[in-house]
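Down below is the structure, laid out as structure tokens.
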Amino acid sequence: MIRKIAILGSTGSIGRQCFSVVESLAGDFEVVSMAAGGNVELAAAQAAKHRPKLVSVAMQAGAKEMGDRLRAAKVSPLPEILYGPEGIEQVATHPDAEIVVSAAVGVVGLRATYKAVLAGKTLALANKEVLVAAGELVMAAAKKNGVAVLPVDSEHNAIHQCLRAGESGEVKRLVLTASGGPFRKTPLAQLKKVTPKQALAHPNWRMGQRITIDSATMMNKGFEVIEARWLFGLDLERIEVIIHPQSTIHSMVEYVDGSILAQLGPTDMRMPIQYALTYPLRVASNGCALNWSELKKLEFEPVPAKKFPCLQLAREAAQKGGPVPCALNAADEEAVAAFLQRKLTFTGIAAVIERALEKMPGRALHSIEDVLDADSEARRLARQEIARRKN
């Protein structure tokens, strides 16, 4: 039976690889709706090839360009073409979609993903912001509506696979692995002088700019700790992070009897994407395979807290709850953008985030609107701190 999917963030790294998986499993999936940002040229090529019923882009001008490109490509009938927040929400809640791949970058996909959950869609989640900023709301809605939330991030996907070996009461702890990024061996004193080019040179993965910088600061692991808390229902104290430079073991689960189950695989996101799309089945590989001849050793080391303060900032934000995890994400996005624009030093990223969190007012989050308000306030505070440091 053909499973019908919607893709949020179709032109991003995960979106492109999602199409690759769909193509490798020809006849198993149909893309019925897709949302892209500003890369209309690529989105039009995707739409021309996969013929979804609904396409959305970021801007009204992009929607017009999409129509022109599809007509030039002789696509008939044309899909419905929308734009903006309303467009991405309609993509996520398309009546024919059974699975929604949430891979839009940033909070742009938050409301749409939440509405997909309310509509009862299975969620293949690759967008960190959804659970970092609004984990309590989203997971409560998923439970109420009987929605499966299947993680696409390689680390959480690995844990999801390992947890199939036992009962929840048998789990002692989760262990998230981290590559250590490009500065694993860089002395702390030198980090202030590193450049965006150096920070973007990840040793193992090819990802978007923000997540690559987050990997360099290890904020990505902080986000993953928060996500794991919501995905798997464990206390923060039972979620650990360890550096594993080879990125071969994507994460581990330790059970109460001392057994540790680890999921190994190549650094290829098509594998976790395929797992999420085909779950609970396992189907033949789409070409992903671990090269055992190149696997010489597996190393592990603790995370140096002074070198990577963002990890602790994330844990503290998760403990405080409310709007603070949302503020953590928003302030990080602003600080990373400033660093990439050379308006902030690498070590200034953590400093800006810490200062923004200190100033963030505390209040309960009752709706997605509350989350978005917290996001806006945290961005204002972060920009204020960035300007102060620049002057």
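The values are calculated or read from the model by the stated rules, or taken from the named source; none is laboratory data. Every value quoted in this text rests on a predicted model; they were computed, and no experiment measured them. Glycine also receives a Cβ, built like all others from the backbone with ideal geometry; neighbour counts cover every protein chain displayed. Quick note on the areas: whole protein, heavy atoms, side chains included, nothing else; ligands and nucleic acids left out. Shrake-Rupley method; radii C 1.70, N 1.55, O 1.52, S 1.80 Å.
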Matching residues in region 229-276 - criterion: being in a strand (DSSP E or B), open to solvent by 10 Å² or more (accessible area, probe 1.4 Å) and farther than 27 Å from Val21 by Cα: Glu240, Val241, Ile242, Glu254, Tyr255, Ile260
Where Ala305 falls short, out of the listed (1) of a type outside the set (Ser, Thr, Tyr); (2) in contact (Cβ under 8 Å) with a residue 12 or more places away in the chain; (3) open to solvent by 20 Å² or more (accessible area, probe 1.4 Å): (2)
Qualifying residue in region 16-38 (condition: in a helix (DSSP H, G or I) and closer than 20 Å to Leu110 by Cα): yes
Filter result for the condition that a residue is more than 24 Å from the chain's Cα centre (by Cα), among the hydrophobic types (A, V, I, L, M, F, W, C) and crowded, with 17+ Cβ neighbours inside 10 Å, over Ala35, Ala43, Ala63: Ala63
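Tell me, which helices (runs of 4 or more DSSP H) wholly within region 40-112 include 3 or more residues that are closer than 27 Å to Ile368 by Cβ? Write out each step before concluding.
On the way: elements: 40-50, 60-72, 84-92.
It comes to 60-72, 84-92.
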Tally, over region 279-291, of residues that are touching a residue at least 60 places away in the same chain (Cβ under 8 Å) and buried (at least 16 other Cβ atoms within 10 Å of the Cβ): 2
Selected residue [over 23 Å from Phe29 (Cα atoms), open to solvent by less than 20 Å² (accessible area, probe 1.4 Å) and modelled with pLDDT of 95 or more] from Val75, Val132: Val132
Among residues of region 44-69, those that are closer than 12 Å to Glu30 by Cα and of a type in the set (Lys, Arg), counted: 3
Filter result (crowded, with 18+ Cβ neighbours inside 10 Å, within 24 Å of Ala378 (Cα to Cα) and not hydroxyl-bearing (Ser, Thr, Tyr)) within region 90-107: Ala103, Ala104, Val105, Val107
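Can you tell me which residue within region 140-185, out of those that are outside any helix (DSSP H, G or I), surrounded by fewer than 19 Cβ atoms within 10 Å (Cβ to Cβ) and in contact (Cβ under 8 Å) with a residue 60 or more places away in the chain, is nearest to the chain's Cα centre (by Cα)?
From region 140-185, those outside any helix (DSSP H, G or I) are 145-153, 166-167, 171-180, 184-185; that's our starting set.
Those still in the list that are surrounded by fewer than 19 Cβ atoms within 10 Å (Cβ to Cβ) too: 145-146, 148, 166-167, 172-173, 184-185.
Retained after the next criterion (residues that are in contact (Cβ under 8 Å) with a residue 60 or more places away in the chain): 148, 166, 172-173, 184.
Values: Ala148: 17, Gly166: 26, Lys172: 25, Arg173: 22, Arg184: 22 Å.
Ranking the candidates gives Ala148 first.
Taking the conditions exactly as written (in contact with a strand residue (DSSP E or B) (Cβ under 7 Å, 6 or more places away or on another chain), open to solvent by less than 40 Å² (accessible area, probe 1.4 Å) and within 28 Å of Lys320 (Cβ to Cβ)), does Thr217 satisfy them or not?
Values: in contact with a strand residue (DSSP E or B) (Cβ under 7 Å, 6 or more places away or on another chain): no; open to solvent by less than 40 Å² (accessible area, probe 1.4 Å): yes; within 28 Å of Lys320 (Cβ to Cβ): yes.
Judged against the criteria, Thr217 is not a match.
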Inter-residue pairs, beta-carbon under 6 Å, first open to solvent by 40 Å² or more (accessible area, probe 1.4 Å) and in region 15-27, second of a type outside the set (Asp, Glu) and modelled with pLDDT of 95 or more, 6+ apart: Gln17/Ile273
Residues that are surrounded by fewer than 24 Cβ atoms within 10 Å (Cβ to Cβ), modelled with pLDDT of 95 or more and among the small types (Gly, Ala, Ser), drawn from region 325-366: Ala337, Ala338, Gly348, Ala350, Ala351
